[in-house]
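Below: one structure, written as structure tokens.
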Amino acid sequence: MDISHIINELGEDRSLYFNAVAPPIVQASNFVFDTFDDLRKAFEDEDSAYLYSRGKNPTIEILRKKLAALDGAEDALVFNSGASAIFAAVLANVKSGDHIVSVDKPYSWAWRMFDNLLPRFNVTTTYIDGTKIENFENAIRPETRIIYLESPNSNTFELQDLEAVARLAREKGIITICDNSYSSPLQQKPIALGIDMALQSATKYIGGHSDTVAGVLTGKKDMLNKIFNEQLLNNGSIISPFNAWLILRGLRTLPVRLAHIKNSTEKVVAYLKNHPTIERVIFPFDEDFPQIDLAKKQMTSACGLLTIVLKTDSYNNIETFTYSLKHFLVAVSWGGHESLILPQAAGIGPELFDPNKEQHRMARVYIGLEDADFLISDLEQALTVL
Ligand SMILES: *Cc1c(COP(=O)(O)O)cnc(C)c1O
């Protein structure tokens, strides 16, 4: 399906809303039924009719159709956060005694769920270095139900061979879930590579304006229907119609924003790689990235997020450099219009800071919608403090 059709037309029927160009925010909790028969059918399958907005809502419905098509999936569910999409996808597929194999260092709230929450229900997780397929083979047990992936991984961007992992999991009857937030469906399509369910934080690229928190889960109809009925309706983790509308608005410009960010990120990476105070730049589409071949095989491009390793042995220098930047904001998240920086040292603190550990000198950089030259000159002046 053509991406322009998906983003601009699919799921929209203006005759239903006064021929308005922009779809309405259907800010209603409940919907009226004309017959007992219709009402009974809606009770039987809440995803078949508009009954109550914890389940199905017309504004959210438009978004679901577009997001499913973008991923090449049968269906999509939209949640009030990326974290709740992760929670629902995992919870719906485990019971007491089950085991999960997860890639090392998954997104922090997936990690906390695996370590703190699931053990209370006798579900355990083994973490592995996902860069080698043997590590998956060795970690799988008879009771393994889920392989949890995030490719590229947070902060250091290690990749997993999605096609190979999906093949292995399928042979063993294990469900694969991949966090695709880094790439968005425009740069990587996990479902086409054989992954069962793809998820994203729509807070990032799809929303794109740093004003809405939301999550997306895509996959086969039967898998998502189970999650809709067993998780979404029960947790009440549905997105609000207004936030769904904001995400829909963000989606309209996703291809244009990503194309711009891709170009400026390439320029910034090239600049940083040649800078004497930068030891290393970690970026999946850089020729020196250890898994560049795999990146090119399963992603169409990368953009926006990269990590720099600073050449310094001083915690204070890292802080001074960070706050010398005039146009990069110090904040979590990413995917919006504004460029950001997040040094690891900030979370470590001066007492524990050890410059011999490369990780302590890392800073994650997000390239927003500003022009590349504007950002490069800002980096140039701030890097002089190192
Ligand atoms: C932000 C993020 C999430 C969580 O999404 P929220 O919308 O913040 O709940 C999950 N995975 C990755 C990789 C993220 O960056």
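The values are calculated or read from the model by the stated rules, or taken from the named source; none is laboratory data. Because the structure is predicted, anything quoted here is derived from the model rather than measured. As a convention, Cβ positions derive from the backbone with ideal geometry for all residues, glycine included, and neighbour counts pool all protein chains shown. Keep in mind that these areas ignore ligands, DNA and RNA; they rest on the heavy atoms of the full protein, side chains included. Shrake-Rupley method; radii C 1.70, N 1.55, O 1.52, S 1.80 Å.
Below, the figures for the structure above:
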| item | result |
| --- | --- |
| Within the chain: Cβ-based charge dipole about Cα centre, in debye rounded to nearest 20 (Lys, Arg +1; Asp, Glu -1) | 280 debye |
| Student exercise, region 254-383 dipole from Lys, Arg, Asp, Glu Cβ charges, in Debye to nearest 20 | 320 debye |
| Cut-off 18 Å, label 7 Å out along Cα→Cβ of Phe33, residues of region 48-65 by amide N | 48-58 |
| Exposure ranking of Val21, Val330 by accessible area [1.4 Å probe, largest first] | Val21, Val330 |
| Calculated over the chain: convex hull of Cα atoms, volume per residue (Å³) | 149 Å³ |
| Whole-number percent relative contact order across the chain, with pairs defined as alpha carbons under 8 Å at least 6 apart | 15 percent |
| Point-to-point label distance, Glu171-Glu44, nm (Cα→Cβ direction, 7 Å offset) | 4.2 nm |
| Mean separation of Cα contacts under 8 Å, 6 or more apart, over the residue count of region 254-383: relative contact order % | 28 percent |
| Linear extension gain, Asn263 paired with Met1, 0.36 nm per residue minus alpha-carbon span | 91.8 nm |
| At 0.890 mPa s and 25 °C, Stokes D of region 146-194 from Kirkwood alpha-carbon radius, µm² per second | 223 µm²/s |
| Neighbour net charge for Asp378 - beta-carbon separation under 12 angstrom, K R +1, D E -1 | -3 |
| Pairwise label distance in nanometres, His327 with Arg112, each label 7 Å out on the Cα-Cβ vector | 3.4 nm |
| Region 200-358: translational diffusion in µm²/s, Stokes-Einstein, Kirkwood Rh over Cα pairs, 37 °C, 0.692 mPa s | 177 µm²/s |
| Region 254-383, accessible surface, carbon-and-sulfur percent (1.4 angstrom probe) | 53 percent |
| Residues of the chain: accessible area per residue with a 1.4 Å probe, Å² | 44 Å² |
| Positive-end residue, the chain charge dipole about Cα centroid, Cβ charges, pick of Phe43, Thr322, His275 | Phe43 |
| Of the GluC sites (Glu not before Pro) in region 206-301, those whose Cβ has at most 16 other Cβ within 10 Å and which sit in DSSP loop | Glu287 |
| Packing-based order for 69-75, 176-182, 271-277, using average beta carbon neighbours within 10 Å, highest first | 176-182, 69-75, 271-277 |
| Dipole-positive endmost among Leu375, Ser237, Met299 within the chain (Cβ charges, Cα centre) | Ser237 |
| Nearest-ten-degree value, helix 82-91 long axis tilted from longest Cα axis of the chain | 60 degrees |
| FRET efficiency, Arg120 to Lys226 (Cβ-Cβ, R0 22 Å, nearest 0.05) | 0.45 |
| Length-normalised contact order of region 1-84 in % [C-alpha pairs under 8 Å, at least 6 apart] | 29 percent |
| Volume in Å³ per residue [convex hull over Cα atoms, computed for region 1-117] | 170 Å³ |
| Rounded percent of accessible protein surface that carbon and sulfur make up, region 106-206, 1.4 Å probe | 49 percent |
| Estimated 222 nm signal from helices in the chain, with DSSP H stretches of n ≥ 4 weighted -39500 (n - 2.57), rounded to 500 | -10500 deg cm²/dmol |
